[in-house]
Amino acid sequence: MKKQRNANRQTTPQPPHKKPDRQAVGLLLVLAAVTVVVLTVYRLLMKQPYFRIVMIAYMILATGFALAYVIYNRGFSRKGVTEEMLPAEWSEEQKTEFIEDGKRRLKQSRWMIVPIFAFLITFGVDALELFVFPFFRGLFS
(Lines give C-alpha, C1' and ligand atoms only; values in the text may rest on other atoms or scores of the structure.)
Protein backbone atom coordinates (compact mmCIF):
# COMPACT_ATOMS: atom_id res chain seq x y z
CA MET A 1 0.00 0.00 0.00
CA LYS A 2 2.80 2.40 0.87
CA LYS A 3 4.66 1.66 -2.30
CA GLN A 4 1.58 2.39 -4.33
CA ARG A 5 1.16 5.84 -2.73
CA ASN A 6 4.77 6.76 -3.40
CA ALA A 7 4.48 5.54 -6.99
CA ASN A 8 1.47 7.78 -7.58
CA ARG A 9 3.17 10.79 -6.11
CA GLN A 10 4.34 13.26 -8.72
CA THR A 11 7.71 14.83 -8.26
CA THR A 12 8.50 18.27 -9.55
CA PRO A 13 11.51 18.30 -11.82
CA GLN A 14 14.49 20.00 -10.26
CA PRO A 15 16.17 22.69 -12.34
CA PRO A 16 19.75 21.90 -13.23
CA HIS A 17 22.25 23.32 -10.75
CA LYS A 18 23.78 26.47 -12.20
CA LYS A 19 27.26 27.65 -11.42
CA PRO A 20 27.37 31.07 -9.80
CA ASP A 21 27.82 33.92 -12.24
CA ARG A 22 31.41 35.16 -12.27
CA GLN A 23 30.26 38.76 -12.26
CA ALA A 24 28.05 38.16 -9.22
CA VAL A 25 30.85 36.42 -7.35
CA GLY A 26 33.21 39.27 -8.22
CA LEU A 27 30.67 41.82 -7.03
CA LEU A 28 30.27 39.89 -3.78
CA LEU A 29 34.03 39.86 -3.23
CA VAL A 30 34.23 43.60 -3.93
CA LEU A 31 31.37 44.17 -1.49
CA ALA A 32 33.17 42.15 1.18
CA ALA A 33 36.43 44.05 0.64
CA VAL A 34 34.77 47.48 0.67
CA THR A 35 32.74 46.54 3.76
CA VAL A 36 35.89 45.45 5.61
CA VAL A 37 37.60 48.74 4.74
CA VAL A 38 34.58 50.89 5.67
CA LEU A 39 34.02 49.00 8.93
CA THR A 40 37.71 49.08 9.89
CA VAL A 41 38.02 52.81 9.27
CA TYR A 42 34.78 53.37 11.20
CA ARG A 43 35.96 51.31 14.18
CA LEU A 44 39.35 53.03 14.26
CA LEU A 45 37.86 56.52 14.04
CA MET A 46 35.20 55.77 16.66
CA LYS A 47 37.97 55.58 19.27
CA GLN A 48 38.89 59.21 18.62
CA PRO A 49 37.40 62.14 20.56
CA TYR A 50 35.57 63.32 17.44
CA PHE A 51 33.58 60.09 17.03
CA ARG A 52 30.25 61.93 16.67
CA ILE A 53 31.53 63.75 13.60
CA VAL A 54 32.64 60.43 12.12
CA MET A 55 29.23 58.89 12.68
CA ILE A 56 27.45 61.87 11.13
CA ALA A 57 29.86 61.86 8.17
CA TYR A 58 29.19 58.15 7.58
CA MET A 59 25.44 58.77 7.75
CA ILE A 60 25.71 61.63 5.27
CA LEU A 61 27.81 59.50 2.91
CA ALA A 62 25.36 56.59 3.09
CA THR A 63 22.40 58.90 2.49
CA GLY A 64 24.23 60.62 -0.37
CA PHE A 65 24.99 57.35 -2.13
CA ALA A 66 21.40 56.15 -1.68
CA LEU A 67 19.92 59.41 -2.97
CA ALA A 68 22.35 59.52 -5.89
CA TYR A 69 21.39 55.96 -6.82
CA VAL A 70 17.67 56.72 -6.77
CA ILE A 71 18.01 60.08 -8.56
CA TYR A 72 20.33 58.71 -11.25
CA ASN A 73 17.84 55.91 -11.93
CA ARG A 74 15.04 58.49 -12.04
CA GLY A 75 13.21 56.96 -9.13
CA PHE A 76 13.09 53.61 -10.94
CA SER A 77 10.21 54.98 -13.00
CA ARG A 78 11.53 53.23 -16.11
CA LYS A 79 11.91 49.79 -14.58
CA GLY A 80 9.48 47.25 -16.00
CA VAL A 81 8.10 49.62 -18.65
CA THR A 82 7.04 47.98 -21.89
CA GLU A 83 6.45 49.58 -25.27
CA GLU A 84 2.67 49.16 -24.83
CA MET A 85 2.79 51.32 -21.69
CA LEU A 86 4.38 54.28 -23.49
CA PRO A 87 2.39 56.97 -25.34
CA ALA A 88 1.02 55.87 -28.73
CA GLU A 89 2.26 59.06 -30.42
CA TRP A 90 5.89 58.11 -29.74
CA SER A 91 7.80 56.46 -32.54
CA GLU A 92 9.25 52.98 -32.12
CA GLU A 93 12.73 54.56 -31.89
CA GLN A 94 11.66 56.81 -29.02
CA LYS A 95 10.06 53.92 -27.17
CA THR A 96 13.11 51.72 -27.62
CA GLU A 97 15.46 54.52 -26.55
CA PHE A 98 13.35 55.20 -23.45
CA ILE A 99 13.40 51.55 -22.38
CA GLU A 100 17.10 51.09 -23.18
CA ASP A 101 17.98 54.26 -21.26
CA GLY A 102 16.36 52.82 -18.14
CA LYS A 103 18.25 49.54 -18.50
CA ARG A 104 21.52 51.37 -19.18
CA ARG A 105 21.10 53.58 -16.12
CA LEU A 106 20.47 50.58 -13.86
CA LYS A 107 23.53 48.81 -15.20
CA GLN A 108 25.81 51.88 -14.97
CA SER A 109 24.75 52.70 -11.42
CA ARG A 110 25.27 49.17 -10.15
CA TRP A 111 28.56 50.14 -8.49
CA MET A 112 26.71 52.53 -6.14
CA ILE A 113 25.05 49.57 -4.46
CA VAL A 114 28.41 48.43 -3.03
CA PRO A 115 29.09 51.45 -0.77
CA ILE A 116 25.41 51.66 0.19
CA PHE A 117 25.47 48.10 1.50
CA ALA A 118 28.90 48.58 3.05
CA PHE A 119 27.61 51.51 5.09
CA LEU A 120 24.41 49.65 6.02
CA ILE A 121 26.38 46.62 7.21
CA THR A 122 28.65 48.93 9.21
CA PHE A 123 25.67 50.57 10.90
CA GLY A 124 24.15 47.15 11.53
CA VAL A 125 27.29 45.89 13.24
CA ASP A 126 27.43 49.06 15.33
CA ALA A 127 23.78 48.64 16.34
CA LEU A 128 24.43 45.03 17.34
CA GLU A 129 27.36 46.08 19.51
CA LEU A 130 25.45 48.94 21.11
CA PHE A 131 22.07 47.33 21.76
CA VAL A 132 21.83 43.59 21.16
CA PHE A 133 25.06 42.27 22.69
CA PRO A 134 24.65 44.26 25.96
CA PHE A 135 21.08 42.98 26.23
CA PHE A 136 22.21 39.36 26.07
CA ARG A 137 25.14 40.02 28.40
CA GLY A 138 22.64 41.46 30.90
CA LEU A 139 20.52 38.32 30.73
CA PHE A 140 23.39 36.10 31.78
CA SER A 141 25.03 38.29 34.42
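The values are calculated or read from the model by the stated rules, or taken from the named source; none is laboratory data. In this text, all values refer to a predicted model and were calculated from it rather than measured experimentally. No Cβ is skipped: glycine too gets one built from the backbone with ideal geometry, and neighbour counts run over all protein chains shown. All accessible areas refer to the heavy atoms of the entire protein, side chains included, with ligands and DNA or RNA removed. Shrake-Rupley method; radii C 1.70, N 1.55, O 1.52, S 1.80 Å.
Toward the positive end of the charge dipole of the chain, with +1 on the Cβ of Lys and Arg and -1 on the Cβ of Asp and Glu, the farthest Cα among Y69, A118, P87 is that of A118.
Based solely on its DSSP helices, what 222 nm [θ] is calculated for the chain when runs of n ≥ 4 H residues each add -39,500 (n - 2.57) and the sum is averaged over all residues, nearest 500 deg cm²/dmol?
It comes out at -21500 deg cm²/dmol, rounded to the nearest 500.
Using the Cα centre of the chain as origin and beta-carbon charges of +1 (Lys, Arg) and -1 (Asp, Glu), tell me which of Y42, Q108, S141 is placed farthest towards the positive end of the dipole. The residue sitting farthest along the positive end of the dipole is S141.
Largest first and in whole Å, the equivalent-ellipsoid semi-axes of the chain read 39, 33, 15, each the square root of five times a Cα gyration tensor eigenvalue. Checking every one of the chymotrypsin sites (Phe, Trp or Tyr not before Pro) in region 12-94 against DSSP loop status and a limit of 13 other Cβ atoms within 10 Å picks out Y50, W90.
To the nearest 20 debye, what charge dipole does the chain have about its Cα centre, counting +1 at the Cβ of each Lys and Arg and -1 at the Cβ of each Asp and Glu?
Around 1020 debye, computed over the chain.
Here each label is just a point 7 Å from Cα along the line to Cβ, and for F135 and D21 those points are 3.6 nm apart. Considering only the Cα atoms of region 89-141, their convex hull presents on average a projected area of 5.9 nm². Note on E89 and V30: the extension gain reaches 16.8 nm, defined as 0.36 nm multiplied by sequence separation minus the Cα-Cα distance.
Solvent exposure of the chain, expressed per residue, is 82 Å² of accessible area, with all protein chains present and a 1.4 angstrom probe.
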